[in-house]
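Colleague: Next up is a structure, given as structure tokens.
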Amino acid sequence: AKILLLNGPNLNLLGNRNQDVYGSNTLADIERSVSDLLQRHQIQTEAYQSNHEGQLIDRLHKANQKCSGVILNPGAFTHTSVALRDAVEAIDIPVIEVHLSNIHNREPFRHQSYIAPVAAGQIIGLGPTSYLAAAYSLIQIIQKRGE
Ligand code: DQA
């Protein structure tokens with residue numbers, strides 16, 4: 001089985017960007033810790049980051065053919081993108097929405113997620129551990145299905 005780890009805009013800057021909000025881990029650190037965890041359960045990781053809405057949508061469409069689930073941090077598109085939401089809704093595999101920060105204790109414009117109503121679940125506010133919790137959940141889904 002394979003899982004898509006998909007990160008949206010500005011997450012390539014992790015490690016430098018707003019360290020007080022997002023911590024000092026780089027995206028490469030997070031991708032490594034997720035793929036190490038999945039590897040221990042014989043699951044492959046495909047990691048991809050883009051600053052472009054359409055490329056994120058294309059990746060979700062492709063994942064529908066070849067992956068068993070998606071860990072998605074949509075970045076600011078969380079709060080703006082009906083198109084990304086429609087892509088999540090259109091595919092058959094479970095998508096877990098993650099955020100490093102607790103979007104509910106930040107600016108009001110971050111409180112709404114267009115993705116949450118169509119995601120399998122949402123994990124927020126735990127820093128890089130948000131991604132690991134999502135990975136654990138997908139491991140369980142995959143094992144239950146016997147993939
Ligand atoms: C984020 C939260 C978003 O509001 C913000 O635009 C990001 C990062 C998070 O992981 O905490 O880019 O998705």
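The values are calculated or read from the model by the stated rules, or taken from the named source; none is laboratory data. Please read all numbers here as calculations on a predicted model, not as lab measurements. Don't worry about glycine lacking a Cβ; one is built from the backbone with ideal geometry, like all the others, and counts go over all protein chains shown.
Colleague: Among the listed residues ILE115, ILE93, identify the single one that is modelled with pLDDT of 95 or more, more than 17 Å from LEU11 (Cβ to Cβ) and touching a strand residue (DSSP E or B) at 6+ places or on another chain (Cβ under 7 Å).
Modeller: ILE93
Colleague: Hey, another quick one. Do you know which residues across the range 116-126 are more than 9 Å from the ligand (Cβ to nearest atom) and more than 11 Å from the chain's Cα centre (by Cα)?
Modeller: Across the range 116-126, the qualifying residues are ALA116, PRO117, VAL118, ALA120, LEU126.
Colleague: Could you grab me the full set of residues in the range 118-132 that are out of contact with any Ser or Thr (no Cβ under 9 Å at 6 or more places or on another chain) and farther than 21 Å from GLY15 by Cβ?
Modeller: Once the filter is applied, which keeps residues that are out of contact with any Ser or Thr (no Cβ under 9 Å at 6 or more places or on another chain) and farther than 21 Å from GLY15 by Cβ, the range 118-132 yields only VAL118.
Colleague: Continuing with this model, one more query. In the range 136-147, how many residues are among the charged types (D, E, K, R) and in a loop (DSSP other than H, G, I, E, B)?
Modeller: Total meeting the criteria: 1.
Colleague: Cβ contacts < 7 Å: first residue at pLDDT 95 or above, restricted to the range 129-145; second residue in a helix (DSSP H, G or I) and surrounded by fewer than 20 Cβ atoms within 10 Å (Cβ to Cβ), any location; separation 6+ or different chain. Result?
Modeller: LEU132/SER33; LEU132/LEU37; ALA135/LEU37
Colleague: Would you pick out the residues in the range 1-36 that are part of a loop (DSSP other than H, G, I, E, B) and within 12 Å of the ligand (Cβ to nearest atom)?
Modeller: Within the range 1-36, GLY8, PRO9, ASN10, LEU14, ARG17, ASN18, GLY23, ASN25 qualify.
Colleague: In the range 79-105, what count of residues is obtained for those that are within 11 Å of the ligand (Cβ to nearest atom), in contact (Cβ under 8 Å) with a residue 40 or more places away in the chain and not small (Gly, Ala, Ser)?
Modeller: The number of residues fulfilling the criteria is 1.
Colleague: Taking the conditions exactly as written (modelled with pLDDT of 95 or more and over 26 Å from ARG106 (Cα atoms)), does HIS52 satisfy them or not?
Modeller: Answer is no for this residue.
Colleague: Taking the options GLU89, GLU107, GLU97, name whichever one is crowded, with 17+ Cβ neighbours inside 10 Å and among the charged types (D, E, K, R).
Modeller: So the residue among GLU89, GLU107, GLU97 that is crowded, with 17+ Cβ neighbours inside 10 Å and among the charged types (D, E, K, R) is GLU97.
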